[in-house]
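Asker: The structure's right below; bear with me while I get my questions together.
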Amino acid sequence: MKRTIVTLFAMMLIGQVFAQKEYKANWQSLKNYEAPEWYEDAKLGFWVHWGVYSVPAFMGAHAAEWYGRWMYCHKGQERDFLKPELVFEHHKTTYGDQSKFGYKDFIPMFKAENFDANEWADLCVQGGAKYFCMMGTHHDSFCMWDTKLTKWNSVDMGPKRDLVGELKTAVTSRGLKFGVSNHSAWNYAFFQFNHLNNHDAVDIANQDLYGTPILSPVLDTIRYIPGEGRDSWLKRVKGTVKPSERDLNRWLERTKELCDLYQPDLYYFDWGMNIPEFETRRREFGKHYYNKAIEWGTGKYGNPGVVLNYKNKAFPYGAAVKDHERGGEGKIAPMVWQTDDCVYNGNTWGYSSGVPIKSTNTIIDELVDIVSKRGVLMLSFAPKADGSFPEDQKRLIKEMGSWLNICGEAIYATRPWNVYGEKGNGKTATNVRFTRNKAKTVLYTTLLDWISGEITIKSINSRTIPEGSIQKVSLIGVEKELDWKIDKYGFTVILPKNKPVYNYAYPIRIELKNAIEMTD
């Protein structure tokens, strides 16, 4: 009898395993997910904010990619610090009244006449990126691919080219992974002021671009009451505009189509889909994407081989890869995560003339910090409307690549050490970050600032790295070995007077005789 019970129990377990060969549209199933090793090894991806909004290329006080929202917004209809009236007045002065020249009228001006997918892919390789994420659609819902679901796309309008498809071919031919980004969940409210102020969004023919028309009584609710204070109005109308069933279904259909046509290795979602109305669609797409990946042969149940990025709490932790916009983890995370950031200082992500970009040193320090905590950096660039990269952005790419060509072994395919870093000043400590190789035979100690002479790093000591374990210590890119000592108080190393030939950050390579116990 016992043998029969054991046999039946074993058969039940086997049956459960076979039953779980595909994902279901529920969180319990989707949490059977592990990010692919290629992604955790990659550490750096490039991305772009590029689309119709690149034509006006005007950020005002906020962001150029939000031009389509602010061009319809009157003074006092949003928070003061956003100053939407700057864009509103700029548009009237430059292009004419919004009732005569709407956002849709920029589309014929978006020609991408100098766009070369191969040049973009070469820039990725030159800059040391291991994957490239193409903007599929932003909040404006204009599709940058050959969609059959709407006329508002880059094949039927504007450039008359499949921009996503061209980039996938160019990027993957160079051995890089390819991703797409989708920001369209919030489209239902992005053009809210277009609806509110009775411009071209009220035309039902434009609803595939501007979202389902906002009608009474919602439209009446979000209008100002004469004499009402701005703060009172903002509080009253918050959350009033919600996605219709048409908006929700449209989002899921396009999201699936972009997945099916281009089989992306990574699918990035911006915020907007984390509200309750999207939950069933989020679960449905998670199931769809992971099961498709298994069909494509990229992975299996539990590790489908693809990356799905989410923000806020759109997915439960562990069901996909959490993304932090211009932020990150404060400590070593148990699972790989991602920071998405932009080359620009300030709020804008889309191209806006005259806006300064961050220094190469700032970006390299950010990358080193992120990697030390088990993160990946997806860095966004801002091409011009014609498809060309501004010279300052190309220079940044070249400088990043030059550093990574020498120091990349401290970044790529590494894992966190026992602690992510050590901060301090003077000669007893410096601002450092730690990584290690997967074999646990090399520890990288990267100095974010150069200090010549003797320094002591307290996190490395005879308790964390047993005496007699170190075989060789060197500065990456410098042939001569460094003098060092280790005791219970720390690891002391003497750095040369002159910096290495590279700038920005300076990895010390501590080679061990054998693998030793380190954090996984």
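We did not get these values from a lab; they are worked out from the coordinates using the rules stated. No experiment lies behind these values; they were computed from the predicted model shown. Virtual Cβ from ideal backbone geometry, glycine too; neighbours counted across all protein chains shown.
Asker: Highest mean first, how do 459-466, 354-361, 264-271 rank when packing is the count of other Cβ atoms within 10 Å averaged over residues?
Answerer: Result, highest mean Cβ count within 10 Å first: 264-271, 459-466, 354-361.
Asker: Give the order of Asp80, Asp520 when sorted by the count of other beta carbons within 10 angstrom, beginning with the fewest.
Answerer: Arranged by neighbour count, lowest to highest, Asp80, Asp520 become Asp520, Asp80.
Asker: Taking R0 as 56 Å, what FRET efficiency do you get between Lys438 and Thr93 from their Cβ-Cβ distance, rounded to the nearest 0.05?
Answerer: 0.45
Asker: Any idea which of Tyr262, His324, Tyr420 is furthest toward the positive side of the dipole for the chain, if Lys and Arg beta-carbons carry +1 and Asp and Glu beta-carbons -1?
Answerer: The residue sitting most towards the positive pole is Tyr420.
Asker: Describe numerically, in nm with one decimal, the distance between label points set 7 Å from Cα along Cα→Cβ at Lys513 and at Lys148.
Answerer: According to this spin-label approximation, the distance is 6.6 nm.
Asker: Here is a follow-up. Note down the relative contact order for the chain as a percent, whole number, built from C-alpha pairs under 8 angstrom at least six residues apart.
Answerer: 17
Asker: Which of Glu277, Glu40, Glu399, Glu113 has the fewest other C-beta atoms within 10 Å, and how do the rest follow up to the most?
Answerer: Glu113, Glu277, Glu399, Glu40
Asker: Treat every Asp and Glu Cβ in the chain as -1 and every Lys and Arg Cβ as +1, leave all other atoms uncharged, and give the resulting dipole magnitude about the Cα centre to the nearest 20 debye.
Answerer: About 1540 debye.
Asker: Once both axes come from the Cα atoms, what is the angle between helix 360-372 and the longest principal axis of the chain, in degrees from 0 to 90, rounded to 10?
Answerer: 70
Asker: Give me the number: length gained by fully extending Glu119 to Thr221, i.e. 0.36 nm times residue separation minus the C-alpha to C-alpha distance, one decimal in nm.
Answerer: Length difference between fully extended and current span is 31.8 nm.
Asker: Shifting gears a bit: Report, in deg cm²/dmol and to the nearest 500, the calculated mean residue ellipticity at 222 nm for the chain, where each DSSP H run with n ≥ 4 adds -39500 (n - 2.57) and the sum is divided by the residue count.
Answerer: -8500 deg cm²/dmol
Asker: Could I ask something else about it? How far apart, in nm, are two points set 7 Å out from the Cα along the Cα-to-Cβ line at Glu325 and at Arg395?
Answerer: Placing both labels 7 Å beyond Cα along the Cβ direction yields 2.9 nm.
Asker: While we're looking at this one, here's another question. Just to confirm the number: angle between the C-alpha axis of helix 279-296 and the first principal axis of the chain, 0 to 90 degrees, nearest 10?
Answerer: Approximately 60 degrees, to the nearest ten.
Asker: Still on this model: Quote the relative contact order of region 414-512 in percent (integer), defining contacts as alpha-carbon pairs under 8 Å separated by 6+ residues.
Answerer: Averaging sequence separation for qualifying contacts and normalising by length gives 30 percent for region 414-512.
Asker: Right, another one. Does anyone have the angle between helix 391-407 and the longest principal axis of the chain? Alpha-carbon axes, 0 to 90°, nearest 10?
Answerer: Its long axis makes an angle of about 30 degrees.
Asker: Can you put Lys256, Lys130 in order, fewest other beta carbons within 10 Å first?
Answerer: Lys256, Lys130
Asker: With N residues in the chain, what two-decimal value do you get for its Cα radius of gyration over 2.2 N^0.38 Å?
Answerer: Rounded to two decimals, the normalised Rg is 1.09.
Asker: What is the packing order of peptides 337-346, 245-254, taking the mean over residues of other C-beta atoms within 10 Å and listing the highest first?
Answerer: 337-346, 245-254
Asker: Identify, among Ala385, Pro56, Ser462, the residue whose Cα sits farthest towards the positive end of the charge dipole of the chain, taking +1 on the Cβ of Lys and Arg and -1 on the Cβ of Asp and Glu, with the dipole about the Cα centre.
Answerer: The residue sitting farthest along the positive end of the dipole is Ser462.
Asker: Label Asp449 and Met335 with points 7 Å out from Cα along Cα→Cβ: what is the distance between them in nm?
Answerer: Result: 3.7 nm between the two label points.
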